[in-house]
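*Asks:* Let me give you the structure first, and then I'll get to my questions.
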Amino acid sequence: MSKKTKYYTVWSGREMGVFSSWEDCKKQVEGFEGAQYKSFPTEEEAKEAFLYDYWEFVRKQTKPGVRKKGETGLNVVGPRPNLDTLSVDAACSGNPGKMEYRGVLTRTGEEIFRVGPFECGTNNIGEFLAIVHGLALLKKQGKEKYPIYSDSKTGMSWVRQKKCKTKLEENERNRPLFELVRRAEVWLKKHTVRTPILKWDTEQWGEIPADFGRK
């Protein structure tokens, strides 16, 4: 009897994505601190899971009636904030409105970059750009294993899909912002993302350190 093919989703590893063999998956997660991955019987299920943040998927799988308490079937690393990380966030006055984004060191709050403001933007676009900016900066500095925290599930999903899926229409006022979005999408398609992108658990840990404090 032939062995059934499994597919592996890697949320955090040397490379992230969906892999069609354990050997390929193993190369990404073996010896990688904080590796997050799971096997699936079909490629479709693996790709669908990759659209979620890892911990969001954990919570989805542990809802009552889905699995017994404590059984997720996942290779779980306990949820805890890693202070040796970069945290990113965006702020937008109105929707659409004036938008900016920034990145700070999680441990100290030191601001590493701040971009904007841009006219007629959205918070989701800012979250997407903040993550890509952080990825590009860490790659340039040779720190690809230095994780990034974001509190935006939408921004993280867009980065995984290498596409800013905003419904906002481009116009004269926000053209510079859309030019930056296009540059970010090109960067994602040209580079392999090895930096772990982690979901900041606001409920457990409070506001992300990069928060602009304008709520």
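The values are calculated or read from the model by the stated rules, or taken from the named source; none is laboratory data. Small disclaimer: the values here were computed from a predicted structure and weren't measured. Cβ placement follows ideal geometry from the backbone for every residue including glycine, while neighbour counts extend to all protein chains displayed. The area values use the complete protein model at the heavy-atom level, side chains included, leaving out ligands, DNA and RNA. Shrake-Rupley method; radii C 1.70, N 1.55, O 1.52, S 1.80 Å.
*Asks:* Which numbered condition in (1) at pLDDT 95 or above; (2) open to solvent by less than 70 Å² (accessible area, probe 1.4 Å); (3) farther than 29 Å from GLN36 by Cβ is the only one that GLY121 fails?
*Replies:* Looking at each condition in turn, GLY121 falls short on (1).
*Asks:* Okay, next question. Looking at this structure, is GLU48 more than 20 Å from LYS145 (Cα to Cα), modelled with pLDDT under 90 and open to solvent by 10 Å² or more (accessible area, probe 1.4 Å)?
*Replies:* Taking the combined requirement at face value, the residue satisfies it.
*Asks:* Kindly indicate whether any position in segment 95-109 is at pLDDT 90 or above and either open to solvent by 70 Å² or more (accessible area, probe 1.4 Å) or basic (Lys, Arg) (or both).
*Replies:* yes
*Asks:* Only one residue in THR202, THR166, THR195 is open to solvent by less than 20 Å² (accessible area, probe 1.4 Å) and in contact (Cβ under 8 Å) with a residue 24 or more places away in the chain. Which one?
*Replies:* Exactly one residue qualifies, and that residue is THR195.
*Asks:* How many residues does segment 169-181 hold that are under 16 Å from GLY97 (Cβ atoms), open to solvent by 30 Å² or more (accessible area, probe 1.4 Å) and either of a type in the set (A, V, I, L, M, F, W, C) or modelled with pLDDT under 90 (or both)?
*Replies:* Of the residues in segment 169-181, 0 are under 16 Å from GLY97 (Cβ atoms), open to solvent by 30 Å² or more (accessible area, probe 1.4 Å) and either of a type in the set (A, V, I, L, M, F, W, C) or modelled with pLDDT under 90 (or both).
*Asks:* Sort out which residues of segment 140-163 are open to solvent by 70 Å² or more (accessible area, probe 1.4 Å), outside any loop (DSSP other than H, G, I, E, B) and closer than 26 Å to THR9 by Cβ, and write them in order of number.
*Replies:* Scanning segment 140-163 gives a single hit, LYS153.
*Asks:* Here is a follow-up. Output the number of the condition that LYS4 fails; it satisfies all remaining conditions of (1) open to solvent by 70 Å² or more (accessible area, probe 1.4 Å); (2) at pLDDT below 80; (3) under 19 Å from TRP158 (Cβ atoms).
*Replies:* Condition not satisfied by LYS4: (3).
*Asks:* Now for a separate question. May I ask you to list the residues in segment 182-192 that are free of Cβ contacts under 8 Å to residues at least 60 places away in the same chain, exposed (fewer than 14 other Cβ atoms within 10 Å of the Cβ) and either among the charged types (D, E, K, R) or not in a helix (DSSP H, G or I) (or both)?
*Replies:* The answer is ARG182, ARG183, LYS189, LYS190.
*Asks:* I need the full set of residues from segment 124-139 which are open to solvent by 20 Å² or more (accessible area, probe 1.4 Å) and touching a Cys at 6+ places or on another chain (Cβ under 9 Å), in order please.
*Replies:* The one that is open to solvent by 20 Å² or more (accessible area, probe 1.4 Å) and touching a Cys at 6+ places or on another chain (Cβ under 9 Å): ASN124.
*Asks:* Ok, one more. Filter segment 108-123 down to residues that are closer than 15 Å to TYR149 by Cα and not in a strand (DSSP E or B), then give me how many there are.
*Replies:* 3
*Asks:* In the set ASP89, ASP84, ASP53, which member is open to solvent by less than 10 Å² (accessible area, probe 1.4 Å) and at pLDDT 85 or above?
*Replies:* When all the criteria are applied, what remains is ASP89.
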